[in-house]
Amino acid sequence: MREIIYLEAIREALREEMARDPKVFVLGEDVGAYGGAFGITKGLQEEFGEYRSLDMPISESCIIGVSVGASLRGYRPVAEMQFGDFITCGFDQIVNQAATLRYRYGGRASCPIVVRAPVGGNVAGGLYHSQNPESWFVHRPGLKVVAPSTAWDAKGLLKAAIRDDNPVIYLEHKYLYRRAKGPVPEGDEIVPIGKAAVRREGGQVTLVTYGAMVIASLEAADRLAKEGVDVEVIDLRTLSPWDKEAVFASLEKTNRLLVVHEDVKTLGLGAEISAVVMEERFESLDAPVMRVTYPDAHCPFSAVLEQHNLPNADKIVEAVQALARY
Amino acid sequence: MPSIKRHKFKLTDEQLLEMLYWLKLIRAFDERLSILVRQGRVRSGVYSSIGQEAIVVGTCFGLHKEDYICPLHRDLGTFLMKGVSPGVMMAQMYAKATGLSKGRDSALHSGVSELGIFGNTSMLGANTPVAAGLALTYKLEGRDNVVIAYFGEGASNTGDVHEAMNFAGTHKLPVVFVCENNVYSYSVPIEKSMAIEDVADRAEGYGFDGVAINGNDVLAVYQATQGAIARARAGDGPTLIECKTYRWHGHSEHDPAFYRTDEELAMWKSRDPLPTFTTYLRSREVLDDTKLLEIETRVRQEIDAAVTFAEDSPHPEPGEAVTDLYA
């Protein structure tokens, strides 16, 4: 199978969905002739016209509000936040407007919008081009949240998100744009929302992660295998609703769980997964659930400072060793 | 402010009487709601439009079925005029299972897509970008439908209203922005929240026309709206209509409105849109005592029936608190 990079996979999903369904359109800052800050929408305006790859003013709230309005008339807008950090400027339209719409309409309407947000650090982004906002949206009923780690999933999950009848936050990791290269099927291959993937099978420790941390986790697992520690790496892919069954099934084998994420520690996905495992699978645990995460700190610009904060293979290896010894 | 007279958009005698019916129905609905709140029958979420009915009637009258409205929290009457029955609206205020949101929320937070009604959140002004999105689809489809986006002078200070007007102006979207300037954003008078007298002046900054009119004159509102709608349908883009008005009650039924004087309230009550219009209709010999009685009887019966429907409707099942979260 041909191999393409993550960034191209996103573009391919957009182009195919726009060709398939005239109600699909993209809107955002610089997404028109320029093709987006990262080049994701390059060529779309040329192919589909001004209004289907629509340049918007610097008005994130308006970008998402316009998407909600269009969705109420049967459209499937894909809104691009230039950086995930800027999503705060459209926060109200996501959490109050889009997320509650079906509920407050008594189930008589839905809001099928996708908000694409380039997230994550390790790209010299500093405070406002590096953040990981997933917990804010996972915390909000009415939204779905996905975070692909491979080119295959980047395409398949975006297609699933566009076809989903709910508002979906699609978190694309900037570190993976050009680094994640791999086989991607041509045409309609959907990656279902809500299904995790086992990236590496193992029997001693379950490592649950997503996004760019899948790469660091797999590197750590390779190193640990050489020491005789057998790690199973689960890529959640969807953060809301996350795949409990996949985590539980792995835990039955390993009885040990480590959660790794780039988001900060407090009330991150790790806290939720840990709590659910305590409530529902306490008997399966031979050791406390542990976490490797960003510290509760901002995303500094200096490489020295940023590397201090970012989780990496070294930190993961250390945590797995401690967990295996417990 | 322009005086009441018929402008270029002609209305038949029947249409004028229909306008009077709507004014009276909306007034009666709000008056009954106030009583129901005081009786504890309706718990909260009541934002009376008494004093502002001419804006609702003047803007909604004559809208096409596929035209969309994005009302503000005080515009219950727009739901009625767009086709939701008084019974369903009353059930919505009662938080009954038969209300629009099935008891999930009261007030006007629920919409009806088939009737072209958007239900906003409590975040004032947040409906305007949605209005721009709806209007964008009309433009893309080459339809001649319009969207009416309502907001108060208070919400005109939000970023959302600015963003929506800027975007709508840029693409000449078929939106009519209706600012209901009722002097107070909750307790804060307009001079404490903006440096200009007329919100309408802001339109110039977005590249379209703004006009300030007497919002208590239903015909003035109708004429201005019809003019704006005609421009929008023709592809000439948005208009901002600022309707100067005043709310008689507090921000909500729980607000005693101590921040204003009795004299100010009395002055505005003397500009009550209903008797002004009634007097006009009598002077034109469109209305007589018999017709007035007919309308008032019909309104009373419909409100009574709405209350009975809401009272008799079931509460939602408790489990409905966690359904309809996802499609």
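The table that follows gives values for the structure above.
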quantity	calculated
Odd one out for B:Val183, checked against (1) closer than 30 Å to B:Arg260 by Cβ; (2) among the aliphatic types (A, V, I, L, M); (3) within 14 Å of chain A (Cβ to nearest Cβ)	(3)
Qualifying residue in region A:234-245 (condition: in a strand (DSSP E or B), surrounded by 22 or more Cβ atoms within 10 Å (Cβ to Cβ) and in contact with a Ser or Thr (Cβ under 7 Å, 6 or more places away or on another chain))	yes
Any chance A:Ala117 is in a strand (DSSP E or B), of a type in the set (Gly, Ala, Ser), buried (at least 23 other Cβ atoms within 10 Å of the Cβ) and touching a Pro at 6+ places or on another chain (Cβ under 8 Å)	yes
Leading residue by the ranking (farthest from the other protein chains (Cβ to nearest Cβ)) among those in region A:161-186 that are in a strand (DSSP E or B) and surrounded by fewer than 21 Cβ atoms within 10 Å (Cβ to Cβ)	A:Lys181
Residue identified as of a type outside the set (Lys, Arg), closer than 19 Å to B:Tyr246 by Cα and buried (at least 20 other Cβ atoms within 10 Å of the Cβ) among B:Leu33, B:Leu20	B:Leu33
Candidate set from region A:89-100 (those that are surrounded by fewer than 23 Cβ atoms within 10 Å (Cβ to Cβ) and in contact with a helix residue (DSSP H, G or I) (Cβ under 8 Å, 6 or more places away or on another chain)); member that is nearest to the other protein chains (Cβ to nearest Cβ)	A:Asp92
Verdict on A:Pro141 being outside any helix (DSSP H, G or I) and either in contact with a strand residue (DSSP E or B) (Cβ under 7 Å, 6 or more places away or on another chain) or crowded, with 24+ Cβ neighbours inside 10 Å (or both)	no
Test set (1) touching a strand residue (DSSP E or B) at 6+ places or on another chain (Cβ under 6 Å); (2) more than 11 Å from chain A (Cβ to nearest Cβ); (3) assigned to a loop (DSSP other than H, G, I, E, B) - B:Thr78 fails condition number	(3)
Complete set of residues in region B:182-196 that are of a type in the set (Phe, Trp, Tyr) and crowded, with 19+ Cβ neighbours inside 10 Å	B:Tyr184
Only listed residue being within 22 Å of B:Thr59 (Cα to Cα) and among the polar types (S, T, N, Q), chosen from B:Thr137, B:Thr98	B:Thr137
Hey, B:Asn181 closer than 21 Å to B:Ser34 by Cβ and of a type outside the set (D, E, K, R) or not	no
First in region B:111-133 and modelled with pLDDT of 95 or more, second anywhere and of a type in the set (Val, Ile, Thr) and surrounded by fewer than 23 Cβ atoms within 10 Å (Cβ to Cβ), Cβ under 6 Å, 6 or more apart	B:Gly111/B:Ile117; B:Gly125/B:Thr158
Filter result for the condition that a residue is under 22 Å from the mean Cα position of the chain (by Cα) and more than 21 Å from A:Lys155 (Cβ to Cβ), over A:Phe86, A:Phe38	A:Phe86
Search result, residues across region B:88-101 that are within 12 Å of another protein chain (Cβ to nearest Cβ) and at negative phi	B:Val88, B:Ala91, B:Gln92, B:Lys96, B:Ala97, B:Thr98, B:Gly99, B:Leu100, B:Ser101
Residue selected from region B:250-285 under the condition among the β-branched types (Val, Ile, Thr) and free of Cβ contacts under 8 Å to residues at least 24 places away in the same chain, by the criterion farthest from B:Gly45 (Cα to Cα)	B:Thr279
Qualifying residues in region B:197-236 (those that are of a type in the set (A, V, I, L, M, F, W, C) and part of a loop (DSSP other than H, G, I, E, B)) - the one surrounded by the fewest Cβ atoms within 10 Å (Cβ to Cβ)	B:Ala234
Residue match in region B:16-23 (condition: over 18 Å from the mean Cα position of the chain (by Cα), not polar (S, T, N, Q) and not in a loop (DSSP other than H, G, I, E, B))	yes
All positions within region B:276-327 that are part of a helix (DSSP H, G or I) and within 14 Å of another protein chain (Cβ to nearest Cβ)	B:Gly319, B:Glu320, B:Ala321, B:Val322
Residues being more than 8 Å from every other protein chain (Cβ to nearest Cβ), over 18 Å from the mean Cα position of the chain (by Cα) and either closer than 12 Å to A:Val68 by Cβ or of a type in the set (D, E, K, R) (or both) - total across region A:101-128	2
Filtered residues of region B:102-118 (kept if surrounded by 24 or more Cβ atoms within 10 Å (Cβ to Cβ) and at the interface with another protein chain (Cβ under 8 Å from one of its Cβ atoms))	B:Lys102, B:Ser110, B:Gly111, B:Phe118
Complete set of residues in region A:129-160 that are in contact (Cβ under 8 Å) with a residue 60 or more places away in the chain and within 13 Å of chain B (Cβ to nearest Cβ)	A:Leu143, A:Lys144, A:Val145
Region B:122-136: number of residues that are crowded, with 24+ Cβ neighbours inside 10 Å and facing chain A (nearest Cβ under 7 Å)	8
Single unsatisfied condition, A:Met1 versus (1) more than 20 Å from A:Pro112 (Cα to Cα); (2) modelled with pLDDT of 95 or more; (3) surrounded by fewer than 21 Cβ atoms within 10 Å (Cβ to Cβ)	(2)
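Residues are listed down the side, and each one gets a yes or a no for (1) within 23 Å of the chain's Cα centre (by Cα); (2) at pLDDT 95 or above; (3) exposed (fewer than 12 other Cβ atoms within 10 Å of the Cβ):
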position: B:Leu281; (1), (2), (3): yes, yes, no
position: B:Ile295; (1), (2), (3): yes, yes, no
position: B:Ala305; (1), (2), (3): yes, yes, no
position: B:Thr308; (1), (2), (3): no, yes, no
position: B:Gly319; (1), (2), (3): no, yes, yes
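The values are calculated or read from the model by the stated rules, or taken from the named source; none is laboratory data. Please read all numbers here as calculations on a predicted model, not as lab measurements. Backbone-built Cβ (ideal geometry, glycine too); neighbour counts: all protein chains shown.
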